[in-house]
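*Asks:* First the structure, which I've put down as structure tokens, then a few questions once you've had a look.
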Amino acid sequence: MNDRAPLSCIGSFAAAMVLLACTPLAAQSTVDAARVGHGTTAAVAAGLASDDTGVAAVAAGTIAWQVDSRASVVSTFHWLHHGRGADAFAGAFAVDVNLLPRRVASPFVEGGFGLYRAFFDVARRAVPPFYRDRVNMANAAGTTVSFADPMMIVGAGINIYATPHFALRPQVEAFVVAHGSQRYIATAITVRVAYNLEHHPFTSNPEVSR
């Protein structure tokens, strides 16, 4: 099987979600831009991830505090489930920056730091090379081993506002895990459903967002 096939499927899925979400919004001319909102956003997400262990299912949750029309401080949590004795949990604080605030479709970039914790049942799953040197395999047989390492998270995506309160948020993220001079990278594509506790001001008129 082609190793790139899972990632190709992930990319096709994300592109389809963006297209489906944008189609009904394309006919929208102008939406109320008079409201202002320094608010809180809660979101849940699902998707797929890929790393040295293979392809994993992802579930995620996010709380964001809007600083201004462009920037938000974000607390995020991911669960990566590989099955067959391998799981990982990633928690981070990050900053999201909207590149086109007050638009119906607003692209953004994010970056932050956190902790990445991985679990492996050595009786059911081979431990990836990044972790293997830290395990005494002779003593670990039949047990679950865990590792906690600092992590940097970077990502990008697009906020698609169906209403001033609800948004669809396809995004791609990379978790860069560090241990000494070694690096371990996991990538994830998720689609988030976000609820804005305050109205989000937006418009499809480019003149308003300048």
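A short reminder: the numbers here are calculations on the coordinates, not readings from a lab. Note that the structure is a prediction, hence the values are computed from the model and not measured. Every residue, glycine among them, receives a Cβ derived from its backbone with ideal geometry; neighbour counts consider all protein chains shown.
*Asks:* Compute the FRET efficiency between Val172 and Asp68 as 1/(1 + (r/R0)^6), taking r as their Cβ-Cβ distance and R0 = 35 Å, and round to the nearest 0.05.
*Replies:* Efficiency, from the Cβ-Cβ distance: 0.90.
*Asks:* Let me know the charge dipole size of the range 51-117 about its Cα centre in debye, to the nearest 20, where only the beta-carbon of Lys, Arg (+1) and Asp, Glu (-1) is charged.
*Replies:* Dipole size: approximately 200 debye.
*Asks:* While we're on this one: Quick one: Glu173, Glu198, Glu110, fewest Cβ neighbours within 10 Å first, how do they rank?
*Replies:* Listing Glu173, Glu198, Glu110 from fewest to most nearby Cβ atoms yields Glu198, Glu110, Glu173.
*Asks:* Please compute the modelled spin-label separation between Arg124 and Thr163, points set 7 Å along Cα→Cβ, answer in nm with one decimal.
*Replies:* The two pseudo-label positions are separated by 4.1 nm.
*Asks:* Order these by the 10 Å Cβ neighbour count, fewest first: Leu100, Leu80, Leu197.
*Replies:* Going from sparsest to densest Cβ surroundings: Leu197, Leu100, Leu80.
*Asks:* Could you compute the FRET efficiency for Ser146 and Ala42, with r as their C-beta to C-beta distance and R0 at 30 Å, rounded to 0.05?
*Replies:* 0.55
*Asks:* Can you sort Tyr184, Tyr161 from fewest to most other Cβ atoms within 10 Å of each residue's own Cβ?
*Replies:* Starting with the residue having the fewest Cβ neighbours, the order is Tyr184, Tyr161.
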